[in-house]
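The values are calculated or read from the model by the stated rules, or taken from the named source; none is laboratory data. The structure presented is a predicted model; accordingly, all values stated were derived computationally and were not measured. Heads up, the Cβs are rebuilt from the backbone with ideal geometry, glycines too, and the neighbour counts pull from every protein chain shown. Quick note on the areas: whole protein, heavy atoms, side chains included, nothing else; ligands and nucleic acids left out. Shrake-Rupley method; radii C 1.70, N 1.55, O 1.52, S 1.80 Å.
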Amino acid sequence: MGSYNLQMTTIKCYCGSLSNYSQCCEGYIKGFKKAPTVELLMRSRYSAYVIQEAGYLVATTHSSEREYHSQADILQWSRSNYWQKLEVLESTDKTLEFKAYFLDVLGKNQIHHELSTFKFENGSWFYVEGMFF
């Protein structure tokens, strides 16, 4: 277990930043800190898909939408794909357009292209919905 923790602190963050995971998305995913912007929330959500932290994905989905997002389904989708990279295309104060590149269960290259909408409530950002391209 100790070597795993050491490894997690020295690897580059999954979200594509130049920071180590421990200095980037880990604090958001583990609940030590709150993402201060829409972009940092989305980056941490992408990292959560990579490391299969479905609980974080549900917790950062707005309460009005959670009933439509099953933790089991999120975990299954997260595990069945090999996540390659995140590309943030455009960010505003309440939206973010991105592309997530991955290999599907058949090993085929896929791109998840989405314009996501977020809501700030009770001091935290939450994912509300996405429009897919």
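How do the pairs read when you match residues in the range 103-116 that are touching a residue at least 40 places away in the same chain (Cβ under 8 Å) with residues anywhere that are among the β-branched types (Val, Ile, Thr), using Cβ under 7 Å and keeping only pairs 6 or more apart or on different chains?
Listed by first residue and then by second, the contacts come to Ser116/Thr95.
Based on what the data block shows, is Glu129 under 14 Å from the mean Cα position of the chain (by Cα), more than 25 Å from Leu18 (Cβ to Cβ), open to solvent by 40 Å² or more (accessible area, probe 1.4 Å) and at pLDDT 95 or above? Reasoning before the result, please.
Values: under 14 Å from the mean Cα position of the chain (by Cα): yes; more than 25 Å from Leu18 (Cβ to Cβ): yes; open to solvent by 40 Å² or more (accessible area, probe 1.4 Å): yes; at pLDDT 95 or above: yes.
Answer is yes for this residue.
For the range 7-27, give me each residue that is open to solvent by less than 50 Å² (accessible area, probe 1.4 Å) and either farther than 22 Å from Gly123 by Cα or touching a residue at least 24 places away in the same chain (Cβ under 8 Å) (or both). Before the answer, list the steps.
As a first pass, look at the range 7-27 and keep what is open to solvent by less than 50 Å² (accessible area, probe 1.4 Å): 8, 11, 13, 15, 17, 19-22, 24-27.
Those that are open to solvent by less than 50 Å² (accessible area, probe 1.4 Å) and either farther than 22 Å from Gly123 by Cα or touching a residue at least 24 places away in the same chain (Cβ under 8 Å) (or both): Met8, Ile11, Cys13, Cys15, Ser17, Ser19, Asn20, Tyr21, Ser22.
Select, from Glu53, Glu39, the only residue that is of a type in the set (Asp, Glu), modelled with pLDDT of 95 or more, more than 16 Å from Glu129 (Cα to Cα) and open to solvent by 50 Å² or more (accessible area, probe 1.4 Å).
Just a single option satisfies the conditions, and that option is Glu53.
Given the conditions (1) modelled with pLDDT under 95; (2) over 14 Å from Phe126 (Cα atoms), and given that Leu103 satisfies all but one, which numbered condition is not satisfied?
(1)
What pairs come out if I take residues in the range 28-57 that are within 24 Å of Thr92 (Cα to Cα) and β-branched (Val, Ile, Thr) and pair them with residues that are part of a helix (DSSP H, G or I) and open to solvent by less than 60 Å² (accessible area, probe 1.4 Å) whose C-beta lies under 7 Å away, six or more apart or interchain?
Listed by first residue and then by second, the contacts come to Ile29/Ser44; Ile29/Ser47; Ile29/Ala48; Ile29/Tyr56.
Taking the range 75-94 as the region of interest, how many residues are farther than 15 Å from Ser47 by Cβ and open to solvent by less than 40 Å² (accessible area, probe 1.4 Å)?
1
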